[in-house]
Amino acid sequence: AIQNEFQLSRSSEASRLQEIVCASTRENHPMGKFGWGNLRTLRDEPAKKGIEPLKRLRAFYEEHYVASNMKLSICAPTSLDELERMVVGICNVIRSNPDYTPLSL
């Protein structure tokens, strides 16, 4: 599935745009390190280096996916009270970590 998706996406405008964005990011910015991949880059090369991409992705998620590292922008044709109710209802499941130091990009 990964290889087929990779082959199909190679010709899409969105994929080309993502490649340009990745290539033009500041040095050391995470976006410039990886955009998308195929079986070679997601399975074979990491395995040769003893890296488990899924474990590393989960570890990154656990460390950085916290409320203090996020921003929210919302615009809708409804009252502020209703917007607040909607946002609290959706975002209250995001973990909070007051000791977290956000990534400096």
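The values are calculated or read from the model by the stated rules, or taken from the named source; none is laboratory data. These numbers were taken from a predicted model, which means no experiment stands behind them. Here the Cβ is made from the backbone with ideal geometry for all residues, glycine too, and neighbour counts use every protein chain on show. With ligands, DNA and RNA removed, areas are computed over all heavy atoms of the protein, side chains included. Shrake-Rupley method; radii C 1.70, N 1.55, O 1.52, S 1.80 Å.
Tell me, which residue of the range 31-41 that is part of a helix (DSSP H, G or I) and open to solvent by 60 Å² or more (accessible area, probe 1.4 Å) is farthest from residue 3 (Cα to Cα)?
Once the filter is applied, the top-ranked residue is 31.
Could you count how many residues in the range 58-105 are closer than 24 Å to residue 27 by Cα, surrounded by 12 or more Cβ atoms within 10 Å (Cβ to Cβ) and touching a Lys or Arg at 6+ places or on another chain (Cβ under 9 Å)?
1
So which residues in the range 37-82 are within 18 Å of residue 98 (Cα to Cα) and of a type in the set (S, T, N, Q), if there are any at all?
68, 69, listed by residue number.
Restricting attention to the range 43-57, and to residues there that are out of contact with any helix residue (DSSP H, G or I) (no Cβ under 8 Å at 6 or more places or on another chain) and in a helix (DSSP H, G or I), which single residue is surrounded by the most Cβ atoms within 10 Å (Cβ to Cβ)?
Of everything passing the filter in the range 43-57, 45 is surrounded by the most Cβ atoms within 10 Å (Cβ to Cβ).
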